[in-house]
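A.B. asks: The structure is given below, and queries will be raised subsequently.
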Amino acid sequence: MLKLLPGLRQLVHYPLSNLPNDLASGMIVAFLLIPQSMAYAVIAGVPVVYGLVAAIFPLAIYALFGGSRYLSVGPVSIASLLAFSGVSTVAQHGSEHFLTAITLLTLIVGGMQILLSIIKFGTFFESISPAVISGFTSAAAIIIGLTQIKSLMGITMAPYRNVFDYVLEVIHHLSDSHSWTVIIGAGSLVFLMVVKRVFRSSLGPLMVIVASSLIVGYFHLDQGGVEVIGDIPQKLPALSLEIPTISTLFSLLPSAFMIAFISFAESYAIGKTLAANDGERLNPEQELFGLGLANITSSITGAIPVAGAISRTAVNHQAGGKSNISSFTTVVFVLITLLYLTPFLYFLPKTALAAIIIFAVSNLIDINGLRYYIQNDPGSAFLMLATFFATLMVDIFAGLMVGIFLSLLVTFIKTKVWHAT
């Protein structure tokens, strides 16, 4: 039982001296997770309540079945982008069918991850260069940032097709910008940068949510054209009983695979690093299993795909988290927010959420990694750039497939050369 539930093993042998640190770190992560979960729900194209729900039950399930004591599981930007991209091919954004399809996609992701854990995919994953993941996430971060410009500026634009057309359309619509929306959005972005770089604090997103909501509500800026989140249901989304068609299932498979793969890659990378710092080893198959159960739970509760977030996990570790008690503390705080505090978010401007998203994904553009690869590993630099440009210029599915293929090809060639010598 303890082998199947690594989180339970932490609780059985839990020293009470760790409790203050776990409670404090869990609360801090909650303050970061609440705005992020709402922002990433926006990326996925669903109401913000779906993001809040995805930050509760999946995190609790991973805390029991996952292997990392620090990993903060919940909505993440890349998985949300991939979910929106995949579901948009089978359903109209904003429709009831779109919401049903995204919970179905989440279920498929969870099932895939459990299947991958059974076939020992973690061993195969070790042969794929980290440069591929770095190139893909860097390009995806740029795409996410670009798609938020319309909310940041208060303009109406066509859906994202490719980076070049989108940039041209942004330039074309600059004159349509809504002044108060731009002021709040740009001000939020500058504030986030100052809080992070000058005060070294991770609470900037929470401060932006509180301050921007108060400003819009007090001055009634929503009546002047600033778009706000509006009413957030103080209950869980209703579980759909709609039976999907075979064509819908097959259409969602490519996106489900990408989410399953990238979610595991991000989660395992940060979890493995922190485990190594503690002199421990993270079992990749257990991680896949834990993430799979978390995504199935997210689907059952009507939410969106989840993964381990690098930023929140790092904050959890730096804040002194010692065990999964910190994750359970986070769950309690987010649940309280969903049940009792959502009325206070009525006046939250969408431009502030866009600023939070842009600021968050800017940290995913791995310039330092590229610089390191160019100086020390030209082959990995090639893999990173090839994946980056394929993702940016073609589409996200093609980018990831190109990266994986080239990485496996390079590994095969190196193996052949090694055996030949």
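A.B. asks: So which residue, out of SER327, SER17, SER212, gets the largest mean-square fluctuation from a GNM of the chain using Cα contacts under 10 Å as springs?
C.D. replies: Judging by the Gaussian network model, the answer is SER17.
A.B. asks: Nothing charged except the Cβ atoms of Lys and Arg (+1) and of Asp and Glu (-1): what's the magnitude of the dipole of the chain about its Cα centre? Round to the nearest 20 debye.
C.D. replies: 860 debye
A.B. asks: Moving on. Let me test this: with uniform point scatterers at the alpha carbons of segment 31-159, what is the Debye-based log₁₀ I(q)/I(0) at q = 0.12, 0.13, 0.19, 0.22 1/Å?
C.D. replies: For the requested q values the scattering log ratios are -0.55, -0.65, -1.33, -1.54.
A.B. asks: Continuing with this model, one more query. At 7 Å along Cα-to-Cβ for each site, give me the label-to-label distance between PHE124 and PHE344 in nm.
C.D. replies: Here the modelled spin labels are 4.8 nm apart.
A.B. asks: Right, next: Using alpha carbons only, what's the Rg to Rh ratio of the chain with Rh from Kirkwood?
C.D. replies: Values: Rg = 21.0 Å, Rh = 21.9 Å.
Over the Cα atoms of the chain, Rg/Rh equals 0.96.
A.B. asks: Next up: How long are the three semi-axes of the equivalent ellipsoid of segment 119-177, in whole Å, if each is the root of 5 times an eigenvalue of the C-alpha gyration tensor, listed from largest down?
C.D. replies: Working: eigenvalues 253, 20, 15 Å².
Each semi-axis is √(5λ); the values are 36, 10, 9 Å.
A.B. asks: Compare the Cα positions of PRO233, ILE367, ILE304 along the charge dipole of the chain (+1 at Cβ of Lys, Arg; -1 at Cβ of Asp, Glu; about the Cα centre) and return the one farthest towards the positive end.
C.D. replies: Value: ILE367.
A.B. asks: Then there is this: Given a 10 angstrom Cα cut-off, can you work out which residue in SER251, SER263, SER299 is the most mobile in a GNM of the chain?
C.D. replies: Result for the chain, Cα springs under 10 Å: SER251 fluctuates most.
A.B. asks: Test of understanding: in a Gaussian network model of the chain with alpha carbons linked when under 10 Å, which of ILE215, ILE78, ILE304 would top the mean-square fluctuation ranking?
C.D. replies: Ranking ILE215, ILE78, ILE304 by mean-square fluctuation puts ILE215 first.
A.B. asks: For LYS416, give me every one of the aspartates and glutamates with a C-alpha distance below 20 angstrom, ignoring sequence neighbours fewer than eight places off in its own chain.
C.D. replies: GLU126, ASP377
A.B. asks: Efficiency by 1/(1 + (r/R0)^6): what FRET value for ALA398 and SER179, r their Cβ-Cβ distance, R0 = 56 Å, to the nearest 0.05?
C.D. replies: Calculated transfer efficiency: 0.90.
A.B. asks: Roughly how big is segment 1-157's charge dipole about its Cα centre, with Cβ charges of +1 (Lys, Arg) and -1 (Asp, Glu), in debye to the nearest 20? Mind dumping the intermediate values first?
C.D. replies: Numbers: 5 positive and 3 negative charges, 46 e Å.
It works out to roughly 220 debye.
A.B. asks: Quote the FRET efficiency, to the nearest 0.05, computed for ASN162 versus ARG9 with a Förster distance R0 of 41 Å and r equal to the Cβ-Cβ distance.
C.D. replies: Efficiency, from the Cβ-Cβ distance: 0.30.
A.B. asks: Counting only residues 5 or more places away or on other chains, whose amide H sits under 5 Å from the amide H of ALA307 once H atoms are built in the peptide plane?
C.D. replies: GLY74, VAL76
A.B. asks: Based only on other Cβ atoms within 10 Å, what is the fewest-to-most ordering of SER326, SER179, SER247, SER117?
C.D. replies: In increasing order of surrounding Cβ atoms, one gets SER247, SER179, SER117, SER326.
A.B. asks: I would also like to ask the following. Give me the Å³ per residue figure for the convex hull around the C-alpha atoms of segment 322-421.
C.D. replies: With only Cα atoms used, segment 322-421 gives 202 Å³ per residue.
A.B. asks: Ignoring trypsin sites (Lys or Arg not before Pro) that are buried or in helix or strand per DSSP, and keeping those with at most 16 other beta carbon atoms within 10 Å, what is the longest stretch of the chain between them?
C.D. replies: Working: sites that count: LYS3, LYS120, ARG161, ARG200, LYS235, ARG281.
Longest site-free region, per DSSP loop and neighbour criteria: 282-421.
A.B. asks: Please report the spacing between the Cα centers of segment 358-421 and segment 113-159 in Å, no decimals.
C.D. replies: Segment 358-421 and segment 113-159 have Cα centres spaced 13 Å from each other.
A.B. asks: A further question follows. How large, in Å, is segment 245-349 by the Kirkwood hydrodynamic radius built from its alpha-carbon pairs?
C.D. replies: Computed over segment 245-349, the radius equals 16.1 Å.
A.B. asks: Can you list the HN-Hα couplings for segment 155-161, worked out from phi with the Karplus curve (6.51, -1.76, 1.60; θ = phi - 60°), rounded to whole Hz and with x for Gly and Pro?
C.D. replies: Computed from phi, the couplings for segment 155-161 are 10, 9, 9, 6, x, 5, 10 Hz.
A.B. asks: Sticking with this one: So what are the ³J(HN,Hα) numbers for segment 255-272, from phi and the Karplus equation (6.51, -1.76, 1.60; θ = phi - 60°), rounded to whole Hz, Gly and Pro as x?
C.D. replies: Each residue of segment 255-272 in turn: 5, 4, 5, 4, 5, 4, 6, 5, 4, 5, 4, 5, 5, 5, 4, 6, x, 5 Hz.
A.B. asks: Next question. Once phi is turned into ³J(HN,Hα) by the Karplus curve 6.51 cos²θ - 1.76 cosθ + 1.60 with θ = phi - 60°, what whole-Hz value does each residue of segment 306-311 show in order, with x for glycine and proline?
C.D. replies: Calculated HN-Hα couplings, in order: 10, 7, x, 8, 4, 5 Hz.
A.B. asks: Any idea what the dipole of segment 173-252 comes to, in debye rounded to 20, about its Cα centre with Lys/Arg Cβ at +1 and Asp/Glu Cβ at -1? Before the final figure, lay out the partial values.
C.D. replies: Numbers: 4 positive and 5 negative charges, 106 e Å.
I would put it at about 500 debye.
Every number here is computed from the coordinates shown, using simple stated rules; none is lab data. Just so you know, these numbers come straight off a predicted model, no measurement behind them. For neighbour counting, all protein chains shown are included, and Cβ atoms are generated from backbone atoms with ideal geometry for every residue, glycine included.
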